[in-house]
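The values are calculated or read from the model by the stated rules, or taken from the named source; none is laboratory data. As the structure is a computational prediction, the values presented were derived from the model and not from experiment. Note that we place each Cβ from the backbone using ideal geometry, even for glycine, and neighbour counts take in every protein chain shown. For the accessible areas, the whole protein counts, side chains as well, though only heavy atoms, and no ligand, DNA or RNA atoms are used. Shrake-Rupley method; radii C 1.70, N 1.55, O 1.52, S 1.80 Å.
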Amino acid sequence: PAPLPDAPPLPEPAPEPEIVQDESLTLLFAGDIMAHTPNYNMQDYRKIWEAVTPLVSSCDLSFANIESPVVNGRPFSGYPDFNMQNTYPEAAIAAGFNVFSTANNHSNDQGLEGILETRAWAAAVQEKYRASSGIRDEKGGAFTYQVIRKDGWTILFCAVTELLNRPFSFTDYLNYVPSKEEARAEFKAFVQKLRAEHPCDLFVLSVHSDEAEYIADFSDARERHYRSLLDAGIDIIWANHPHVVRDWQIYGQKDAQRRVKLVMYGNGNTISAQRTKPQFASPA
């Protein structure tokens, strides 16, 4: 038989589109979004954000902590058992906030229903923003995190809380890291593994810290703990809970004149009613 002709050469694979990384990425870090009675009794929640919407919406990523469950089937509720309905945090989304922590000491204020409803709300509206972290996908499952891609940048985001007002209530549904040596060591191992599995430009960690409220200073032990998290692979620590604005620290490489790590020890309240007749010894 006649020899078969040579097969035509296979076409060259189409080159993958090149993702050009913007030279800069603008991040905004707010503090706690609270809902006290004067806040949620407003008729139009958009008015909360009018003055800051141009700034918030101008940033590539704008972070905030939602300090309450989000349960439409229950009424709004303030301290000590917070609850929001969806219209309240969605006004913040409309203002430009697009990355949220849902891990804080009030995450289980409304029990298991509150945790599950908040998780469902966050999933349902995620097309309106970029990411949230704080509630696990299942009981006892791995800590949740998000990989955010923006203009060629890759940002890894995880949110945890070190304290819960109900420390024995459904904690295995939340990104809960109690401030104990063993739990912290396990979490640092998780951070190292996560960073290795997801190469990124920035790893942002939200920490709802186990510290006294209304105190502007922070301890040497707190600073050492955060430094150890930076060493484990975190680039930006965004901490909240004290309800007051605290100092921040920038770490760099002196020889290269580069700033490479940032710790914010507390960004205060972004919205609350705690500035009316404050009584620091009585949070209610």
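Annotations for the structure displayed:
- Net charge, LYS188 excluded, C-beta distance under 14 Å - Lys, Arg +1, Asp, Glu -1: +1
- Note, ³J(HN,Hα) from phi for region 59-64, Karplus 6.51, -1.76, 1.60, rounded to Hz, x at Gly and Pro: 8, 5, 9, 10, 9, 8
- Whole-number D in µm² s⁻¹ for region 105-188, Kirkwood Cα-pair radius fed into Stokes-Einstein, 25 °C, 0.890 mPa s: 178
- LYS193-ARG258 pseudo-label distance in nm [points 7 Å out on the Cα-to-Cβ vector]: 2.9
- At R0 = 25 Å, FRET efficiency that the Cβ-Cβ distance of SER24 and ASP231 yields, to 0.05: 0.45
- Set against the 2.2 N^0.38 Å expectation for a compact globular protein, the chain has a Cα radius of gyration ratio of 1.15.
- Accessible surface for VAL244 stands near 40 Å², nearest 10, in the context of the full protein assembly shown (1.4 Å probe).
- Relative contact order of the chain, taken over Cα pairs closer than 8 Å and 6 or more residues apart, is 17 percent.
- Neighbours of VAL263, meaning other residues whose beta-carbon lies under 13 angstrom from its beta-carbon, give a summed charge of +2 when Lys and Arg score +1 and Asp and Glu score -1.
- In Hz, Karplus ³J(HN,Hα) per residue of region 104-120 (6.51, -1.76, 1.60; θ = phi - 60°; x = Gly, Pro): 7, 5, 9, 4, 10, 4, 9, x, 5, 4, x, 5, 5, 5, 5, 4, 5
- Restricting the chymotrypsin sites (Phe, Trp or Tyr not before Pro) of region 146-210 to loop positions (DSSP other than H, G, I, E, B) with no more than 10 neighbouring Cβ atoms within 10 Å leaves PHE168.
- Over region 75-124: Kirkwood hydrodynamic radius from C-alpha pairwise inverse distances, Å: 11.6
- Normalised by the number of residues in region 226-284, the mean separation of alpha-carbon contacts (under 8 Å, six or more apart) gives a relative contact order of 34 percent.
- Region 37-69 versus region 182-208: alpha-carbon centroid distance in Å: 28
- Considering all C-alpha pairs of region 216-263, those separated by over 16 Å amount to 43%.
- Oblate is the label for region 30-157. Its Cα gyration tensor axes, ordered a ≥ b ≥ c, give a/c of at least 1.5 and b/c at or above a/b.
- Calculated SAXS-style log₁₀ I(q)/I(0) at q = 0.18 Å⁻¹ - region 43-111, Debye, Cα scatterers: -0.71
- Stretching the chain fully between GLN126 and ALA216 yields a gain of 29.0 nm (0.36 nm per residue, less the alpha carbon separation).
- The overall shape of region 144-284, judged from the alpha-carbon gyration tensor, is prolate: a/c is not under 1.5, and a/b is greater than b/c.
- Antiparallel bridge percentage (DSSP; both residues within the chain; nearest 5): 30
- Built amide H within the under 5 Å cut-off of ALA159, gap 5+: GLY134, SER206
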